[in-house]
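Here is the structure we will look at.
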Amino acid sequence: MEYISIGGKLPGVSRVVMGCMRIGAMDEKSMDELIDAALASGINAFDHADIYGGGESERRFGNILREHPSLRDRMFIQSKCGIKEGEYDFSREHILSSVDGILKRLSIDSLDLLILHRPDVLGEPEEVAEAFDELKSSGKVRAFGASNMSACQLEMYNRVLGENRFLADQLQLSCAHTLLVDEGFNVNMMVPAGTVRTGGTLEYCRMNGITIQSWSTLQYGFFEGTFLNNREKYPELNRKLDELAAKYGVTAGAVATAFVLRIPGVGQAVIGSTKPARIRELAEAGSITLTHSEWYELYRSAGNRLP
Ligand SMILES: NC(=O)c1ccc[n+]([C@@H]2O[C@H](COP(=O)([O-])OP(=O)(O)OC[C@H]3O[C@@H](n4cnc5c(N)ncnc54)[C@H](OP(=O)(O)O)[C@@H]3O)[C@@H](O)[C@H]2O)c1
C-alpha cells in the first residue's frame with residue numbers, strides 16, 4: 001500500500017480508502033471483519049458521511065470503536081456534512097451541529113477531515129470560515145475538505161478559508177466515469193454537451209495541491225451498478241481489465257482502482273465494497289502502477305475516443 005499526504009498537510013494516509021456508505025445495515029460481526037480486512041491490507045482511511053444509512057453507518061462503526069478503542073489510533077477518519085433532505089446547507093449552525101452528531105455517532109472526540117458534501121449555492125465562504133475556525137480551535141476537526149466542487153468553487157472558498165482551506169476534493173471518477181479527464185482531451189473540440197463541464201478541476205487541484213479522492217470507483221452512471229463483469233455493457237473494458245489483472249496477479253477490481261490512482265492529481269480511491277475478501281483484493285491497487293500505454297488502453301476500452 002502507498003501512503004500520501006492529503007493536501008501536503010496530512011501525511012501517512014492510505015491511497016485506497018474504505019468507503020462506509022453501504023455498511024449501515026451490516027451486523028457487528030461482519031463489520032468487525034470488514035474493518036479488520038481493511039486494516040490488515042494497509043488501508044487506514046475510512047470515509048463516512050452523516051447521511052450514510054441515515055446515520056446508521058457512523059453509529060455502527062462507532063459501536064466497534066467503543067468496543068475496541070485502540071483502533072482509533074490506527075485510523076484516519078473523515079466524514080461529510082452539508083446534505084439535508086431536499087437541500088444543501090453550508091450554514092454555520094448546520095455545519096456545527098452536524099459535526100456534533102458525527103462525533104457522537106462515531107464515538108470519537110475529533111475528526112481527521114471534515115468534508116462539505118455538495119456545494120450549497122446559498123453558502124457564504126465567510127460563514128463557513130467562521131464554522132471551521134470554531135471546529136479547529138475546539139479540536140473537533142483537524143482539517144477540511146470539499147466534495148463535488150469545481151475549480152472555481154474551490155477557489156472561491158479557499159480565498160477566504162486561509163489556514164483551514166480545503167485540502168481535498170472528493171469527486172466521482174472511475175474507468176466508466178471519466179469526465180474529469182475527458183475535458184483535458186477535448187479542449188476546443190466539437191463534443192457532446194456535458195463532456196466539458198468540470199472547469200479544469202483536475203488541473204486546478206494539481207496546481208493547488210488539493211488531493212482528489214475518487215468516489216464510486218467501480219460504478220458506472222449514478223449508482224447504476226458496477227461495470228466489473230458487466231460484459232454486456234462493457235465487453236472491451238472487462239476484457240482489458242482481466243488481461244491486466246492476469247499480468248499483475250490481482251483482480252480486475254484492483255486494476256480498475258489502479259486506473260484512477262494512475263492519474264496525476266488523484267491521490268486516493270474510495271472503494272465501497274462490503275465484502276472483506278474484496279476489500280483485501282482492492283487494496284492491492286495501492287501496490288501496482290499501470291504503464292502509460294495500459295492506462296490509455298483502459299481509457300479507450302471503456303468506449304472513450306481520443307480526438
Ligand atoms: N462524495 C460523494 O458525493 C460520494 C458519493 C458516493 C459515494 N461516496 C463514497 O465513495 C464510496 C464508494 O462508493 P460506492 O460504494 O459507490 O463504491 P464502489 O466501490 O464503486 O461500488 C461498491 C459496490 O460495488 C459492488 N461490487 C460488485 N462487484 C464488485 C467487485 N468485484 N468488487 C468490488 N465491489 C463490487 C459492491 O458490492 P459488495 O458490497 O457486495 O462487494 C458494492 O455494492 C462510498 O462508500 C462513499 O464513502 C461519496
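Brief remarks follow.
- Each of Met31, Phe166, Ile83 was placed along the dipole of the chain (beta-carbon charges, centred on the mean Cα), and the one lying farthest toward the positive end is Met31.
- Approximate spin-label separation Ser110-Asp242, in nm, with each point projected 7 Å along Cα-to-Cβ: 5.0 nm
- Taking only the Cα atoms of the chain, the ratio Rg/Rh comes out at 0.96, with Rh defined as the Kirkwood radius.
- Note on Glu124 and Asp100: their simple-model spin labels are 2.1 nm apart, each label 7 Å out from Cα toward Cβ.
- Mean residue ellipticity, 222 nm, helices only, the chain: the sum of -39500 (n - 2.57) across DSSP H runs of n ≥ 4, divided by residue count and rounded to 500, is -12000 deg cm²/dmol.
- Per-peptide average of other Cβ atoms within 10 Å, ordering 239-246, 1-8, 288-295 highest first: 239-246, 1-8, 288-295
- Among 82-88, 137-143, the order from most to least packed when residues are scored by Cβ within 10 Å on average: 137-143, 82-88
- Under 5 Å between amide hydrogens, built in the peptide plane, is the criterion, and for Leu111 it picks out Val141, Arg142 among residues at least 5 positions away or on other chains.
- Modelled FRET efficiency - R0 30 Å, Leu71 with Asp133, Cβ distances, 0.05 increments: 0.50
- Solvent-accessible surface (1.4 angstrom probe) belonging to Glu127, in square angstrom, nearest 10: 70 Å²
- The phi-based Karplus calculation (6.51 cos²θ - 1.76 cosθ + 1.60; θ = phi - 60°) puts the 3J(HN,Hα) values of the stretch 9-20 at 10, 10, x, x, 9, 5, 6, 9, 10, 7, x, 10 Hz, whole numbers, x for Gly and Pro.
- Under-5 Å amide H pairs with Ala45, H placed in peptide plane, nonlocal only: Ser14, Met18, Phe76
- Karplus-derived HN-Hα couplings along the stretch 159-175 (A = 6.51, B = -1.76, C = 1.60, θ = phi - 60°), whole Hz, x at Gly and Pro: 4, 9, 6, x, 4, 9, 4, 5, 9, 9, 9, 9, 9, 5, 6, 7, 3
- Count of lysine pairs in the chain with Cα separation under 30 Å (8 or more residues apart, or interchain): 24
- Among Asn63, Gly209, Ala245 the positive-end extreme of the charge dipole of the chain (Cβ point charges): Ala245
- With all protein chains kept in place, the per residue accessible area of the stretch 17-91 amounts to 41 square angstrom at a probe of 1.4 angstrom.
- Gap separating the Cα centres of the stretch 13-33 and the stretch 117-140, nearest whole Å: 27 Å
- A Förster radius of 25 Å combined with the Cβ-Cβ distance from Ser293 to Asn208 puts the calculated FRET efficiency at roughly 0.30.
- Whole-angstrom gap from the stretch 46-116 to the stretch 160-217, using each part's C-alpha centre: 25 Å
- Most simply put, the stretch 13-301 has about 15% antiparallel DSSP beta bridges, counting only bridges with both residues inside it.
- Derived scalar couplings ³J(HN,Hα) [the stretch 101-110; Karplus, 6.51 cos²θ - 1.76 cosθ + 1.60; whole Hz; x for Gly, Pro]: x, 4, 5, 5, 5, 7, 6, 10, 8, 8
- Placing R0 at 30 angstrom, the Cβ-Cβ distance between Val191 and Lys233 gives a FRET efficiency of 0.90 after rounding to 0.05.
- Take 102-109, 158-165 and order them by the average number of nearby Cβ atoms within 10 Å per residue, most first; the result is 102-109, 158-165.
- If only the Cβ of Lys and Arg carry +1 and only the Cβ of Asp and Glu carry -1, the dipole of the chain around its Cα centre is close to 720 debye.
The values are calculated or read from the model by the stated rules, or taken from the named source; none is laboratory data. Owing to the predicted nature of the structure, the values given are computational and were not obtained by experimental measurement. Reconstructed Cβ throughout: ideal geometry from the backbone, glycine too, with neighbour counts over all protein chains shown. When the accessible area is computed, the model is the full protein with side chains, heavy atoms only, and any ligands, DNA or RNA have been set aside. Shrake-Rupley method; radii C 1.70, N 1.55, O 1.52, S 1.80 Å.
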